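Asks: Quick one: this structure, given as structure tokens, is what I'll be asking you about.
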Amino acid sequence: MYKNQINQQPLVTLLSDFSDRNVYVGIIKGVIAQINPRLTVVDLTHQIPPQDIAAARFCLMNAYPYFPVGTVHVAIVDPGVGSKRRVIAVEFAQGFLVGPDNGIFSGVLSQSPATCAVELTNLNYWRTPQPSKTFHGRDIFAPVGASLASGVLLKQLGQEIDPASLVKLDVGECKQTSTGVVGCIQYIDHFGNLVSNIPGSYVQGKTWYVQAALLSIRGCETYSDVEVGEAIALVGSHGWVEIAINSGNAHLQLQLGSQETLQVVLS
């Protein structure tokens with residue numbers, strides 16, 4: 001168990017596709033409070049598009065570096081709930097991950113590899129030994145996350161598994177070419193910005209543009225470098241090359257979507 005530098009209870013974060021129109025998130029927080037009402041619970045987001053594991057993967061990968069070491073991240077975007085897919089908890093350098101083994105954690109683990117992983121087979125840490133077939137967030141992930149944050153050791157939660165066996169989500173590869181880098185759109189945010197899987201380090205200090213479909217979009221530093229309504233390519237706060245429209249929605253206006261190929265051309 002990690003020790004917080006200022007000797008506080010570790011945080012628990014929640015990420016899901018439950019939205020705020022249902023009681024599901026409130027129920028999960030109630031389960032956590034039943035185990036340890038002193039825990040601080042932070043909502044990363046509950047607005048992941050339904051069943052969109054790739055979006056959840058990206059959002060969690062983007063968020064985890066900003067939390068203290070020892071934070072427990074509970075992520076629940078789980079179209080396979082109730083099936084034979086594994087329920088897991090993972091330890092990595094920054095803390096813990098709790099959720100389904102469906103690739104939702106593969107973004108985080110690509111940056112900070114797992115040091116230990118378990119399948120959650122110890123029913124003593126579930127809310128009930130007969131969990132709902134449709135709400136593992138309530139009956140498994142919330143109580144396990146609260147237990148971890150309260151000091152329960154990872155290996156007490158179940159059977160240890162090989163971290164290499166964890167499901168990896170294929171979001172496309174980023175490949176260098178003779179003229180630049182080829183990648184794809186890995187995420188579309190609330191503003192319609194098209195976030196690629198090309199790290200911003202490739203374009204740092206260079207003159208560049210993005211080719212996507214039949215479009216050529218010049219690389220700039222800020223949205224204000226182009227006129228309102230004009231397309232722009234830049235490195236977002238997340239560190240990835242993205243396509244945006246100044247004061248507009250690139251997803252709708254350019255008709256580009258997830259997994260579409262794009263190329264950064266260095267000039």
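The values are calculated or read from the model by the stated rules, or taken from the named source; none is laboratory data. Remember, it's a predicted structure, so these values are computed and weren't measured experimentally. For neighbour counting, all protein chains shown are included, and Cβ atoms are generated from backbone atoms with ideal geometry for every residue, glycine included.
Asks: What number of residues within the range 40-69 are hydroxyl-bearing (Ser, Thr, Tyr) and buried (at least 21 other Cβ atoms within 10 Å of the Cβ)?
Replies: Qualifying residue count for the region: 1.
Asks: Filter the range 2-29 for residues that are loosely packed, with under 13 Cβ neighbours inside 10 Å and at pLDDT 95 or above; which is nearest to the chain's Cα centre (by Cα)?
Replies: Checking each candidate, the answer is 26.
Asks: Continuing with the same structure: With the structure loaded, tell me whether residue 173 is over 29 Å from residue 46 (Cβ atoms) and in a strand (DSSP E or B) or whether it fails that test.
Replies: No, not satisfied.
Let's see how each residue does on (1) in contact (Cβ under 8 Å) with a residue 24 or more places away in the chain; (2) assigned to a helix (DSSP H, G or I); (3) among the polar types (S, T, N, Q); (4) not assigned by TED's automatic domain parsing to the domain that holds residue 109:
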{"position": "181", "(1), (2), (3), (4)": "yes, no, no, yes"}
{"position": "191", "(1), (2), (3), (4)": "yes, no, no, yes"}
{"position": "211", "(1), (2), (3), (4)": "yes, no, yes, yes"}
{"position": "228", "(1), (2), (3), (4)": "no, no, no, yes"}
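Asks: Tell me which of these residue 172 doesn't satisfy, since it passes every other one: (1) surrounded by 12 or more Cβ atoms within 10 Å (Cβ to Cβ); (2) at negative phi; (3) not aliphatic (A, V, I, L, M).
Replies: Unmet condition: (2).
Asks: Out of the residues in the range 240-267 that are hydroxyl-bearing (Ser, Thr, Tyr) and within 22 Å of residue 201 (Cβ to Cβ), state the one that is modelled with the highest pLDDT.
Replies: 261
Asks: Could you check the range 230-248 and list, in sequence order, the residues that are in contact with a helix residue (DSSP H, G or I) (Cβ under 7 Å, 6 or more places away or on another chain) and in a strand (DSSP E or B)?
Replies: Once the filter is applied, which keeps residues that are in contact with a helix residue (DSSP H, G or I) (Cβ under 7 Å, 6 or more places away or on another chain) and in a strand (DSSP E or B), the range 230-248 yields 231, 232, 235, 240, 241, 243, 244, 245.
Asks: Need the failing condition index for residue 217 against (1) under 30 Å from residue 95 (Cα atoms); (2) surrounded by 18 or more Cβ atoms within 10 Å (Cβ to Cβ), just the number.
Replies: Result: residue 217 fails condition (1) only.
Asks: May I ask you to list the residues in the range 249-264 that are buried (at least 17 other Cβ atoms within 10 Å of the Cβ) and either in contact with a Ser or Thr (Cβ under 6 Å, 6 or more places away or on another chain) or not in a helix (DSSP H, G or I) (or both)?
Replies: Of everything in the range 249-264, those that are buried (at least 17 other Cβ atoms within 10 Å of the Cβ) and either in contact with a Ser or Thr (Cβ under 6 Å, 6 or more places away or on another chain) or not in a helix (DSSP H, G or I) (or both) turn out to be 256, 258, 262, 263, 264.
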